[in-house]
Amino acid sequence: MGDDGEPSGTAGKPILNVLQHKGVGDVMLVVVRYFGGIKLGAGGLTRAYGQAAQAVMEVLPIEKRESRTTLMVRCDFAQEQGIRHWLVLHGGQVTSMDCGQDVRVPLKRPEAG
């Protein structure tokens, strides 16, 4: 965070506070303020920067990203349905399937955290 010429703690801190309360990561928020001839004072600056950040966060589409592990499972045909059921219960997905003498199932599942 940074105040870039504004009084200490009046720009970066209120913006960061909004981001922390929204629980987002991997985001950069920049607020540009043009002086309009009216001095806001420290409290006014803090409110202005915080409100600007809040306004942006209200319209920002937020998506959750989850690390996934890719695995290859080899099994008999009789086991394939059980593997699919386990994946559904644990948030995984089958990415494709190769059926030969046995079943090869490339899959992705959430990483253990």
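General observations
- Stokes-Einstein D for the chain, Kirkwood Rh over Cα pairs, 37 °C, 0.692 mPa s (µm²/s): 180
- In loop segments of region 32-67 as defined by DSSP, the trypsin sites (Lys or Arg not before Pro) with at most 16 further C-beta atoms inside 10 Å of their C-beta are Arg33, Lys39, Lys64, Arg65.
- Maximal additional length on extending the Val88-Thr70 stretch stands at 5.0 nm, based on 0.36 nm per residue less the C-alpha distance.
- A P(r) calculated from all alpha carbon pairs of region 68-110, with 5 Å bins opening at zero, reads 6, 26, 35, 24, 8, 2 percent.
- Sequentially through region 28-36, phi angles give Karplus couplings (6.51, -1.76, 1.60; θ = phi - 60°) of 10, 10, 10, 10, 10, 10, 9, 5, x Hz, Gly and Pro residues having no value and appearing as x.
- Most mobile listed residue (Asp26, Asp76, Asp98) in the chain, GNM with C-alpha springs under 10 Å: Asp26
- Ascending count of other beta-carbon atoms within 10 Å, so fewest first, for Tyr49, Tyr34: Tyr34, Tyr49
- Cα pair count fraction exceeding 12 Å, expressed as % - region 40-91: 79
- Helix content alone sets the calculated 222 nm mean residue ellipticity of the chain: runs of n ≥ 4 DSSP H residues at -39500 (n - 2.57) each, divided across all residues, give -12500 deg cm²/dmol.
- Amide H contacts of Val73 (H built 1.01 Å from N, under 5 Å, at least 5 apart or other chain): Val105, Leu107
- Taking the number of Cβ atoms within 10 Å of each Cβ as an exposure proxy, the fewest-first ranking of Phe35, Phe77 is Phe35, Phe77.
- The relative contact order of the chain comes to 23 percent, based on Cα pairs under 8 Å that sit 6 or more residues apart.
- Partners for Lys22 among lysines (Cα-Cα distance below 21 Å; same-chain residues under 8 apart left out): Lys13, Lys64
- Here the 3J(HN,Hα) profile of region 54-62, calculated from phi with Karplus coefficients 6.51, -1.76 and 1.60 at θ = phi - 60°, is 4, 5, 5, 5, 5, 10, 6, x, 10 Hz, Gly and Pro shown as x.
Only the coordinates and a few stated rules stand behind these numbers; no lab work does. Just so we're clear, the structure is a prediction, and the values are computed from it rather than from any experiment. Cβ coordinates were reconstructed from backbone atoms using ideal geometry, including for glycine residues, and neighbour counts include every protein chain displayed.
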